[in-house]
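> Sharing a structure below in structure tokens format, with a few things to ask.
The values are calculated or read from the model by the stated rules, or taken from the named source; none is laboratory data. Here the structure is a predicted model, which means the values were calculated and not measured. Don't worry about glycine lacking a Cβ; one is built from the backbone with ideal geometry, like all the others, and counts go over all protein chains shown. To get the accessible areas, we keep the full protein, side chains included, count just its heavy atoms, and leave off ligands, DNA and RNA. Shrake-Rupley method; radii C 1.70, N 1.55, O 1.52, S 1.80 Å.
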Amino acid sequence: MTVTTNWQTQPQEIFAMGPIVPVLVIENIEDAVPIANALIAGGINVLEVTLRTDNALQVISEIASKIPSAMVGAGTVTNPETFQQVVDAGAKFAISPGLTKELLEAAKASTVPLIPGIASISELMTGIDCGYDHFKFFPAEAIGGAKAIKSISGPFPNITFCPTGGINQDNMGNYLSLKNVACIGGSWLVPDDAVANKDWHRITEITKAAVEASKQFV
Ligand code: 3PG
């Protein structure tokens, strides 16, 4: 961040906590802590809980209160109202799929950092104008993937990305090997059927394999 904020954690620190950020869609509150613990056991401590389910805010509260050491954040934050809701729920950071000036300004006035999403150079310039220098790049595979992010490093060498959307263990290396990518996000670590079967061990095994595979790129 090039402007002064009261953010309790800087995006740079969050990006540096691990190369893989799990993108979580959690329907049931009782699954929240087991999923978080399974990911932590696999070596991941940064969790993005998306606001795509009715219980998402309670899921964030549950993880924040029961596992204080987890860096739990909220995804799918799209306006100042939802930003405030996730702050109240205990989110330690917020991620948006895109950006608006209203959201950028609201987050700057908060203690909770925002990682805004961009899919175009003009959106990136809007974010930079507002003082931001860490962004989500979404939906990564559909908008040019690693090639696009590599090209952006020419005119914008000081901007760092967390790409998400269509990324998995097979293609994450394309992104993690770029100098302007600090981490990637993806939902593949927590398959729907593993959650349905409460197979927490499987989530840990997938996470361990992904973390191990990421080591060759970072
Ligand atoms: C996101 O919200 O960041 C993406 O939907 C995650 O994309 P994936 O499901 O393709 O990993």
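> (1) open to solvent by 10 Å² or more (accessible area, probe 1.4 Å); (2) within 17 Å of A74 (Cα to Cα); (3) within 13 Å of the chain's Cα centre (by Cα): which one isn't true of P163, the others all being true?
Unmet condition: (1).
> Given the options A74, A107, A64, name the one that is touching a Phe, Trp or Tyr at 6+ places or on another chain (Cβ under 9 Å) and either free of Cβ contacts under 8 Å to residues at least 24 places away in the same chain or in a helix (DSSP H, G or I) (or both).
Sole residue among the options that is touching a Phe, Trp or Tyr at 6+ places or on another chain (Cβ under 9 Å) and either free of Cβ contacts under 8 Å to residues at least 24 places away in the same chain or in a helix (DSSP H, G or I) (or both): A107.
> Please return the ranges of helices (runs of 4 or more DSSP H) entirely within region 172-218 where 1 or more residues are over 23 Å from F15 (Cα atoms).
192-196, 200-214
> Continuing with this model, one more query. Identify, from the list A91, A64, A70, the residue that is under 20 Å from N37 (Cα atoms) and open to solvent by 10 Å² or more (accessible area, probe 1.4 Å).
A64
> Moving to a separate point now. For region 28-61, give me the residue count where each residue is part of a loop (DSSP other than H, G, I, E, B) and either touching a residue at least 40 places away in the same chain (Cβ under 8 Å) or more than 16 Å from the ligand (Cβ to nearest atom) (or both). Even if it seems obvious, please write down each step before you answer.
Keep residues of region 28-61 that are part of a loop (DSSP other than H, G, I, E, B), which gives 28, 42-45, 51-55.
Filter once more, so that each one left must be either touching a residue at least 40 places away in the same chain (Cβ under 8 Å) or more than 16 Å from the ligand (Cβ to nearest atom) (or both): 28, 42-45, 54-55.
Residues meeting the conditions: 7.
> Here's a follow-up. Just a yes or no: is a residue in region 116-123 open to solvent by less than 10 Å² (accessible area, probe 1.4 Å), within 16 Å of the ligand (Cβ to nearest atom) and farther than 19 Å from E48 by Cα?
Residues of region 116-123 that are open to solvent by less than 10 Å² (accessible area, probe 1.4 Å), as a first pass: 116-118.
Still in the list and also within 16 Å of the ligand (Cβ to nearest atom): 116-118.
Checking the rest, the ones that are also farther than 19 Å from E48 by Cα come to none.
No, the conditions are met nowhere in region 116-123.
> Also: Return the residues of region 18-31 that are touching a Cys at 6+ places or on another chain (Cβ under 8 Å) and of a type in the set (A, V, I, L, M, F, W, C); say none if nothing qualifies.
Within region 18-31, the first condition is being touching a Cys at 6+ places or on another chain (Cβ under 8 Å), and the residues that meet it are 18-21.
If the condition is that a residue be touching a Cys at 6+ places or on another chain (Cβ under 8 Å) and of a type in the set (A, V, I, L, M, F, W, C), then I20, V21 are the ones that fit.
> List the residue pairs whose Cβ atoms are under 8 Å apart, where the first residue sits in region 185-202 and is crowded, with 16+ Cβ neighbours inside 10 Å, the second is of a type in the set (K, R), and the two are 6 or more positions apart or on different chains.
G185/K136; A194/R202
> Additional query: For region 136-160, enumerate the residues that are more than 15 Å from the ligand (Cβ to nearest atom), open to solvent by 20 Å² or more (accessible area, probe 1.4 Å), free of Cβ contacts under 8 Å to residues at least 40 places away in the same chain and outside any loop (DSSP other than H, G, I, E, B).
K147, A148, K150, S151
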